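Undergrad: My structure is below; once you've seen it, I'll send some questions.
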Amino acid sequence: MGKSTMKLTRKIQLLVDLSSKEERKEALDKLYQWQNRAYRAANFMVTHLYIQEMIKDFLYLSEGVKYKLADEKKDDLGILNGSRIHTTYRVVSNRFKGEIPTNILTNLKSTLYSSFNKNKVEYWNGERSLKNFRRDMAFPFDTEGMSKIIYDEEKRAFCFRLFKMPLKTYLGKDFSDKRVLLERVMNGELKLCASHIKLKDGKIFWLPVFEIEKEKHDLKPEVIAEAALSLEYPIIVKIGRKKHTIGTREEFLYRRLAIQASEKRAKHGVTYARSGKGRKRKTKALTKFRDSERNYVHNRLHVYSKRLIDFCIKNKAGTLLLLNQKEKSEIAKDEEFVLRNWSYFELLTKIKYKAEKAGIELIID
């Protein structure tokens, strides 16, 4: 029997809750400093983990060299002066002492160690390259690094302190479940797990992870919904004699191609666009169409995946079988047009998430 809970991630914009412009700038600079140190620490950590794991393959070392990855105090053949899981933390904590909160480094260590152990066989076989982290990576922290979330009626925002830095949420015209989730956390009804802070273009984004209960529906595991992703219809689903199509080719593909055509025309016109503030001003229209395409696709795939899960729930289907998906994935990889325009992989990701939330078992054939 699977877990009764699942983890849900949301993206919420934050503002520094300080009065003066100078104080807000100083706080933002500190966040950028933490991001930079986290990015450097992550690359240090994975490098050390890789060297530790592969040290047995260093055949050019003499036979008398000890190479057992254990504490020398606990094992005569050990080459470490502490536990293995703690060594990478000590490396970065000594290097960046006082420049970044230790809570961030602790969570970074746990995440990277788990990820490395998951992929180390592929590293060993040369099937996967070592992770390389970018400067704009999101840095992790847990609830020990933040104060309790409260709602300020005057500011109309949820407020908390992150390592003594006052922050408040900016939800704007948000019609999703973010406000409800934060209220449930504030009332102690929902657990907040380790989260991330992402900095982009001078804006602060919080990526909180909520542990929620899965939805409870009267589903029957023996009732199987057979679904297929196709070019004519984004999703075709069949339960017994009932057959249902979700979306159409015209609705999704043609609309997307129309946005791409507009983007192409805007691209040709960039040369003649009025300048004045450099590249950003000239490519403003181009950026607008790219954002429009991304937002349109994101919205449509959410709608299609939700309709599929709702159809399964309505017919009490406890098992969802995606037919010939591996074959279609290979076709999508070979056909550039299909890969670029049909978004098989993103749709599959959204179906997986919504099926897990509804308690439906997903099988990919």
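Undergrad: Here are some conditions: (1) out of contact with any Leu (no Cβ under 8 Å at 6 or more places or on another chain); (2) under 16 Å from PHE205 (Cα atoms). MET165 meets all but one. Which one does it not meet?
TA: (1)
Table: residues versus (1) on the phi > 0 side of the Ramachandran plot; (2) at pLDDT below 75.
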| site | (1), (2) |
| --- | --- |
| SER275 | no, yes |
| THR283 | no, yes |
| SER292 | no, no |
| VAL297 | no, no |
| LEU322 | no, no |
| ALA332 | no, yes |
| VAL338 | no, yes |
| SER343 | yes, yes |
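Undergrad: So, of the residues in segment 20-60 that are hydroxyl-bearing (Ser, Thr, Tyr) and farther than 23 Å from SER110 by Cα, which turns out to be modelled with the lowest pLDDT?
TA: First, pick out the residues of segment 20-60 that are hydroxyl-bearing (Ser, Thr, Tyr): 20, 32, 39, 47, 50, 60.
So of that shortlist, the ones also farther than 23 Å from SER110 by Cα come out as 20, 60.
Values: SER20: 89, TYR60: 51.
Among them, the one singled out is TYR60.
Undergrad: Among the residues of segment 225-239 satisfying the criterion of being assigned to a loop (DSSP other than H, G, I, E, B) and not acidic (Asp, Glu), which is modelled with the lowest pLDDT?
TA: The qualifying residue modelled with the lowest pLDDT is LEU231.
Undergrad: May I pose another question? Taking into account only those residues within segment 136-150 that are under 16 Å from LEU105 (Cα atoms), not aromatic (Phe, Trp, Tyr) and not in a helix (DSSP H, G or I), which is farthest from the chain's Cα centre (by Cα)?
TA: Ranking the qualifying residues of segment 136-150, first place goes to MET146.
Undergrad: Check segment 244-256 and report whether any residue there is assigned to a loop (DSSP other than H, G, I, E, B) and surrounded by 15 or more Cβ atoms within 10 Å (Cβ to Cβ).
TA: Checked against the condition, which is being assigned to a loop (DSSP other than H, G, I, E, B) and surrounded by 15 or more Cβ atoms within 10 Å (Cβ to Cβ), segment 244-256 yields at least one hit.
Undergrad: Still on this model: Every residue in segment 136-158 that is touching a residue at least 40 places away in the same chain (Cβ under 8 Å) and of a type in the set (Phe, Trp, Tyr), please.
TA: PHE139, PHE141
Undergrad: Can you find, within segment 1-19, the residue that is modelled with the lowest pLDDT among those that are open to solvent by 40 Å² or more (accessible area, probe 1.4 Å) and not in a strand (DSSP E or B)?
TA: Across segment 1-19, the extreme among qualifying residues is MET1.
Undergrad: Being modelled with pLDDT under 90, assigned to a helix (DSSP H, G or I), of a type in the set (Ser, Thr, Tyr) and open to solvent by 70 Å² or more (accessible area, probe 1.4 Å) narrows it down to one residue among SER110, SER129, SER114; which is it?
TA: Testing whether each residue is modelled with pLDDT under 90, assigned to a helix (DSSP H, G or I), of a type in the set (Ser, Thr, Tyr) and open to solvent by 70 Å² or more (accessible area, probe 1.4 Å) leaves just SER114.
The values are calculated or read from the model by the stated rules, or taken from the named source; none is laboratory data. The structure presented is a predicted model; accordingly, all values stated were derived computationally and were not measured. Please note: Cβ atoms are built from the backbone with ideal geometry, for glycine as well, and neighbour counts cover all protein chains shown. Note: areas computed on protein heavy atoms with side chains; ligands, DNA, RNA excluded. Shrake-Rupley method; radii C 1.70, N 1.55, O 1.52, S 1.80 Å.
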